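Below: one structure, written as structure tokens.
The values are calculated or read from the model by the stated rules, or taken from the named source; none is laboratory data. Just so it is clear, the model here is predicted, and its values are computed rather than measured. Every residue, glycine among them, receives a Cβ derived from its backbone with ideal geometry; neighbour counts consider all protein chains shown. What goes into the accessible areas is simple: the full protein's heavy atoms, side chains included, and nothing from ligands, DNA or RNA. Shrake-Rupley method; radii C 1.70, N 1.55, O 1.52, S 1.80 Å.
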Amino acid sequence: MEAIAIERIREDHIESFHEALDTVSRERKYLTFLEAPPLESVRSFVQDMIEGGHPQVVAIVDGKVVGWCDIRRNARETHAHCGALGMGIIPGYRDNGLGRRLITAALDLARESNFHRVELHVHADNMRATALYEKVGFVHEGVARDAVKIDGRFIDAIQMAVIFG
């Protein structure tokens, strides 16, 4: 497999990130998006992530984004010690340790940025992602029953978090 670099996201990654987000979204099983938001919305999100210092890393192969992991700090003062994690990897790049590399890089940036807690929701039927999150220290906090509905099918969402000591 090609060399895969993990980098902080930059503005020149936005279009490729949008394409990767759309690819994973259209699989209709891992994300709560069914397709990527419009490019300009994604551009605004990424620019805000960069300007706000939120951890966001991308996996790059030949200049193309093949995966990402981001942690968005909660805007409310009483929850600003917390961040919400999102990630995805396009088909063909899964099951080779890339997810662990991405999440580890993002969590390291979160620690450096004085986050205390990082939380996420994962579809209960996504056992591969759940196992990855457990391996890097996330613990189960609960289940939101029927939290997601895709193509008429309800899916529970497992709530997980890691707390930095």
So for the range 44-59 (the condition being without any contact (Cβ under 8 Å) to a residue 40 or more places away in the chain, part of a loop (DSSP other than H, G, I, E, B) and surrounded by fewer than 19 Cβ atoms within 10 Å (Cβ to Cβ)), does at least one residue qualify? no
When Ile6 is run through (1) touching a Lys or Arg at 6+ places or on another chain (Cβ under 9 Å); (2) assigned to a strand (DSSP E or B); (3) open to solvent by less than 40 Å² (accessible area, probe 1.4 Å); (4) not hydroxyl-bearing (Ser, Thr, Tyr), the failure sits at (3)
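Is it true that Val148 is within 23 Å of Ser25 (Cα to Cα) and hydrophobic (A, V, I, L, M, F, W, C)?
Yes: the conditions hold for Val148.
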Q. Taking Leu39, is it in contact with a Lys or Arg (Cβ under 7 Å, 6 or more places away or on another chain), surrounded by fewer than 17 Cβ atoms within 10 Å (Cβ to Cβ) and more than 27 Å from Phe115 (Cα to Cα)?
A. no
Check: Has the range 82-89 got any residue that is open to solvent by 30 Å² or more (accessible area, probe 1.4 Å) and either in contact (Cβ under 8 Å) with a residue 60 or more places away in the chain or not in a strand (DSSP E or B) (or both)?
Finding: no
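What do you reckon, is Cys69 open to solvent by less than 40 Å² (accessible area, probe 1.4 Å), closer than 20 Å to Ser25 by Cα and at pLDDT 95 or above? So that I can check it myself, show each step before the final result.
Details: open to solvent by less than 40 Å² (accessible area, probe 1.4 Å): yes; closer than 20 Å to Ser25 by Cα: yes; at pLDDT 95 or above: yes.
The answer is yes for Cys69.
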